[in-house]
Amino acid sequence: MAEMVTANQVKILRAQTGAGIMDCKRALVSTNGDLVRALEWLRQRGIAAETPTVGQTTAEGAIASYIHTGNRIGVLVELNCQTDTVAKHPDFQDLAHNVAMQIAACSQVQYISIADVPGALILKEQALELGRDDLAGKPEETKAKIAGERVQKRLEDMCLLTQPYIRDQSINVEELVQKAIARFGEEIQVRRFSRFILGEELENQLITYSA
C-alpha cells in the first residue's frame with residue numbers, strides 16, 4: 001500500500017503534527033492514505049504534538065496593507081521576524097507588501113497554513129469526498145486514495161502558504177518566505193491577516209485568520 005502515499009500527503013500530515021517524514025509515511029500507509037486516521041494513529045503512539053512547534057511566532061516584524069485597484073478589496077497582514085533590524089529592512093517590508101497583495105488576489109484563502117485547518121473540517125471534507133457518486137462501487141483502498149488526493153487539493157486551495165506566488169508561479173508563498181528566511185538568517189512567519197471586501201454584509205466584512 002506504500003504506493004498510495006504521496007509526498008503531498010506526507011507534507012500535510014507533517015504540517016498538522018510536527019512528526020518526522022518516516023513516521024508520517026508509516027501512519028499514512030497504515031491508514032490507506034486517510035489523513036484524519038493517520039493523525040489519530042500518530043497521536044495514539046505519542047508521535048504527534050497537539051500543537052506543532054515548527055515556525056513559532058516571533059516578536060518583531062511589520063503590518064503591511066494593500067488596496068487593490070478600484071478600492072474594493074483591502075488587506076492587512078502581520079509578518080513577523082526576530083529582530084528589529086530585519087523588520088526595518090526594505091526587502092522585508094517589500095515581502096510583507098507582496099504577501100498582502102497575494103492575499104487580495106486569493107479570495108478562496110481562509111487559513112495561513114494547512115496546520116491551521118481544524119481537524120473537524122478535514123474530517124468533513126474527507127467524508128464529503130468519500131461519499132461522491134463517482135467513487136461508488138470502487139474498492140475501498142482506491143476510494144481512500146482518490147478522496148485523499150481531493151482533500152489535499154482542497155486544503156491547499158484554502159491556505160495561503162500553498163498558493164502559487166502571483167509574481168513567480170514556479171514557487172508557492174511558503175517557498176517565498178523560506179527564501180527570505182535563508183537570506184536574513186532568522187525565522188519569518190505570516191502571523192495573521194484580515195481581508196476587507198467592499199459591500200459585504202457587516203458580519204462578514206472583516207474576517208481575521210490567525211496562526
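The values are calculated or read from the model by the stated rules, or taken from the named source; none is laboratory data. Small disclaimer: the values here were computed from a predicted structure and weren't measured. Note that we place each Cβ from the backbone using ideal geometry, even for glycine, and neighbour counts take in every protein chain shown.
Residue by residue through segment 154-178, note down the ones that are within 15 Å of Ile112 (Cα to Cα), free of Cβ contacts under 8 Å to residues at least 40 places away in the same chain and out of contact with any Phe, Trp or Tyr (no Cβ under 7 Å at 6 or more places or on another chain). Correct list: Arg154, Pro164, Glu175, Gln178.
Identify, from the list Gly131, Gly148, Gly137, the residue that is modelled with pLDDT under 85, within 17 Å of the chain's Cα centre (by Cα) and over 18 Å from Val99 (Cβ atoms). The match here is Gly148. On the stretch given as segment 6-39, residues that are surrounded by 18 or more Cβ atoms within 10 Å (Cβ to Cβ) and either closer than 14 Å to Ala115 by Cβ or within 15 Å of the chain's Cα centre (by Cα) (or both) total 13. Considering Pro90, Pro118, the condition of being under 19 Å from Lys11 (Cβ atoms) and either touching a Cys at 6+ places or on another chain (Cβ under 7 Å) or without any contact (Cβ under 8 Å) to a residue 24 or more places away in the chain (or both) is satisfied by Pro118 alone. You will find that of Arg195, Arg183, Arg167, the residue that is on the phi < 0 side of the Ramachandran plot, of a type in the set (Lys, Arg) and surrounded by 17 or more Cβ atoms within 10 Å (Cβ to Cβ) is Arg195 and no other.
Give me the pairs, please: first residue somewhere in segment 6-18 and farther than 12 Å from Ala38 by Cβ, second residue anywhere and at pLDDT 75 or above and in a loop (DSSP other than H, G, I, E, B), beta-carbon distance under 8 Å, and either six or more positions apart or on two chains. Final answer for the pair search is Thr6/Gly33; Ala15/Ser113.
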